[in-house]
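Trainee: Here's a structure for you.
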Amino acid sequence: VGEQVLLKCSFKSSFPITESLTVDWTYRPLAGGRMETIFHYQSVAYPASVGKFKDRISWVGNVASGDASIAIQSPVMSDNGTFICSVKNPPDV
């Protein structure tokens with residue numbers, strides 16, 4: 001609580017990394033409920049502009065080295081939940 005948290009995500013692809021590569025981070029609260037997209041990356045970072053993580057997520061990844069990690073600033077206990085990282089590098093998924 002209070003300190004920046006790093007959510008690590010690494011990937012491998014058998015195809016070259018291109019501008020078509022996308023990273024999506026989704027979140028589901030610990031108590032359940034609907035999945036919410038909290039971060040999108042395609043050549044540049046698109047942090048969520050609405051929702052509980054608005055203005056608190058930063059891109060710390062480097063797709064060239066297989067890293068799709070993000071950081072969350074000022075985490076609170078209610079941020080607990082399931083975070084899913086999904087990387088697509090067409091035609092690889």
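Trainee: For Thr26, Thr37, what's the largest-to-smallest order of accessible area, 1.4 Å probe?
Mentor: Working: Thr26 30, Thr37 85 Å².
Ranked list, largest accessible area first: Thr37, Thr26.
Trainee: Report the net charge of residues surrounding Thr37, where surrounding means a beta-carbon distance below 14 angstrom and charges are Lys +1, Arg +1, Asp -1, Glu -1.
Mentor: Within the 14 Å Cβ shell, the charges total +3.
Trainee: Below 8 Å, C-alpha to C-alpha, sequence gap of six or more: please give me the relative contact order for the chain in percent.
Mentor: Values: 184 pairs, mean separation 39.2, N = 93.
Once normalised by length, the contact order is 42 percent.
Trainee: Residues with beta-carbon under 9 Å from that of Cys85, excluding Cys85: net charge, scoring Lys, Arg +1 and Asp, Glu -1?
Mentor: For residues surrounding Cys85, the net value is 0.
The values are calculated or read from the model by the stated rules, or taken from the named source; none is laboratory data. Values in this document were obtained by computation on a predicted structure and should not be read as measured data. Cβ atoms come from the backbone with ideal geometry, glycine included; neighbour counts cover every protein chain shown. When the accessible area is computed, the model is the full protein with side chains, heavy atoms only, and any ligands, DNA or RNA have been set aside. Shrake-Rupley method; radii C 1.70, N 1.55, O 1.52, S 1.80 Å.
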